[in-house]
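Read the structure below first, then the notes.
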Amino acid sequence: MSDLAHGAHPQGFAHQFEDIEQQRDAGRLGMWVFLVTEILFFGGMFTSYTIYRALHLESFIQGSHQLVVKYGATNTAVLILSSLTMALAIRAAQTGKKKGTIIFWLILTMILGATFIGIKLRFEWFRDYQEGLIPGVQWFYNGPHAPGVRMFMCFYFFMTGLHAIHMVVGLGLLTVLVVMTARNKFSSEYYTPLEVSGLYWHFVDIVWIFLFPLLYLIGGRYQ
Amino acid sequence: MSDHAEQSGHGGHVVPVSTYLLVFLALMVGTALTTWVAYIDLGRWNTVVALTIAVIKMILVVLFFMHVKYATGLTRVVILAGFFWLGIMITLSCSDELTRTWEIVPQSWLPTTNMIIPMISRLF
């Protein structure tokens, strides 16, 4: 703050920009261009899921019944909470809070992200392995619509797997942010790395917001 | 110091904590609602309801957590373009795959609702 009063540029300001606000806008725009490619990347999977579900509706309903709703719902809540803590981390930087506060929210976000992956691994994928529901690795399923259920489980593992890889990348980003915050890289003027990583984290949250109903819920749970 | 930053807006638009908490609460309610409604037989409307709730949740996250409500017009156009392309991909892919079994006989030259509805209904 005090350096602004003396007319100097804030830390992190790149001289090709008119001012720090224009720099922040450029950062947001650039991140959104990347996120649009991510929307279409995941969109390809959502499209093929939609088509194959339409072609093999009974199998996909049967496949959906192999998943446990309570774990999916818990993980949805965990991810939404982690989005809140991420937003609060950025807000702490915007309002010039002490770096300890920013690091607290970042680490809380990381703990929640790790909890999501932990639940996914321990209670879902490991259980799928034990019950032989992983096509090509461990496959015992002998119930109705076996070939179609196998295809559903392929979709399930590719979609949740790709999502989990994005979560791991997000945890990596958060680790870098904690180090950068500890080294006083951010101020209430310059926090673009925090903000664009936040956009990424929220995007991954949104992907799960769609995966949860598509994979777990719309398979005729009332039957 | 922090109050000064909030008022002067040096750090860009600062969303009040109460807004974040309200959005978080709405997202949690949405999650509970979509889970609860999945166990009620609504026929093909189950899919519509589940996806509608998901879209509302997405809009809340995008507008408030991702600050798009306060973003520049250029950023918004880029985001809308992204969703528009997603729409093109899904619509054109479905219009191909789901109409391949339509007969190329004179009956199909006059597609009636009897023919179209069963194909569309397979989506849900």
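One quarter of the surface of the convex hull around the alpha-carbon atoms of segment A:64-150 equals 6.8 nm², the direction-averaged projected area.
Adding -39500 (n - 2.57) for every DSSP H run of four residues or longer, then dividing by how many residues chain A holds, sets the calculated 222 nm ellipticity at -24000 deg cm²/dmol.
Charge dipole of the protein assembly as shown (Cα centre as origin; +1 on each Lys and Arg Cβ, -1 on each Asp and Glu Cβ, all else neutral): 600 debye, rounded to the nearest 20. For B:Asp41 and A:Val137, a Förster radius of 45 Å and the Cβ-Cβ distance give a FRET efficiency of 0.85, rounded to the nearest 0.05. Tell me which of A:Thr74, A:Pro213, A:Val168 sits at the most positive position along the dipole axis of chain A, charges placed on C-beta atoms (Lys, Arg +1; Asp, Glu -1). Going by the charge dipole, the pick is A:Thr74. Across segment A:102-117, coupling constants 3J(HN,Hα) worked out from phi with the 6.51/-1.76/1.60 Karplus curve, θ = phi - 60°, read 4, 5, 4, 5, 5, 5, 4, 4, 5, 4, 5, x, 5, 4, 4, 5 Hz, and Gly and Pro carry x. Measure nothing but the geometry: give the 0 to 90° angle between the long axis through the Cα atoms of A:20-55 and the longest principal axis through the Cα atoms of chain A, rounded to 10°. The answer is roughly 0 degrees. For chain A, the longest principal axis of the C-alpha atoms and the axis of helix A:146-182 are separated by about 20°.
Charge tally around B:Leu60: other residues with Cβ under 14 Å, Lys/Arg +1 each, Asp/Glu -1 each, net +1. Listed by Cβ neighbour count within 10 Å, with the fewest neighbours leading, A:Ile206, B:Ile90, A:Ile111, A:Ile134 appear as A:Ile111, B:Ile90, A:Ile134, A:Ile206. Dipole of chain A (Lys/Arg Cβ +1, Asp/Glu Cβ -1, origin at the Cα centre): which of A:Tyr52, A:Gly148, A:Ala87 lies farthest to the positive side? Projecting each Cα onto the dipole axis, the largest value belongs to A:Gly148.
Between A:Tyr222 and A:Ile119, what is the FRET efficiency for a Förster distance of 25 Å, r being their Cβ-Cβ separation, to the nearest 0.05? Given R0 = 25 Å and the Cβ-Cβ separation, E is 0.50. Once you have a ≥ b ≥ c as the square roots of the Cα gyration tensor eigenvalues for chain A, tell me rounded if a/c is under 1.5, and otherwise prolate or oblate according to whether a/b is larger than b/c. It comes out prolate by the Cα gyration axes.
Extension gain, A:Val68 to A:Glu21, is 12.3 nm, computed as 0.36 nm per intervening residue step minus the present C-alpha separation. Residue order for A:Arg183, A:Arg127, fewest other beta carbons within 10 angstrom first, comes to A:Arg183, A:Arg127. Taken along the Cα-to-beta-carbon direction at a fixed 7 Å, the label points for B:Phe83 and A:Leu55 span 2.9 nm. For chain A, the longest principal axis of the alpha carbon atoms and the long axis of helix A:69-94 meet at an angle near 10°.
Sorted fewest first by neighbouring Cβ atoms within 10 angstrom, B:Trp85, A:Trp32 come out as B:Trp85, A:Trp32. Take the Cβ atoms of B:Val29 and A:His9, set R0 to 45 Å, and the FRET efficiency comes out at 0.50.
Checking the a/c ratio against 1.5 first, then a/b against b/c, what shape does the Cα gyration tensor give for segment A:148-223? Since a/c reaches 1.5 and a/b is larger than b/c, the shape of segment A:148-223 is classed as prolate.
Coordinate-derived values only; no laboratory data. What you see is a predicted model, and the numbers here were worked out from it, not measured in a lab. Counting neighbours? That spans all protein chains shown, and the Cβs are built from the backbone with ideal geometry, glycine included.
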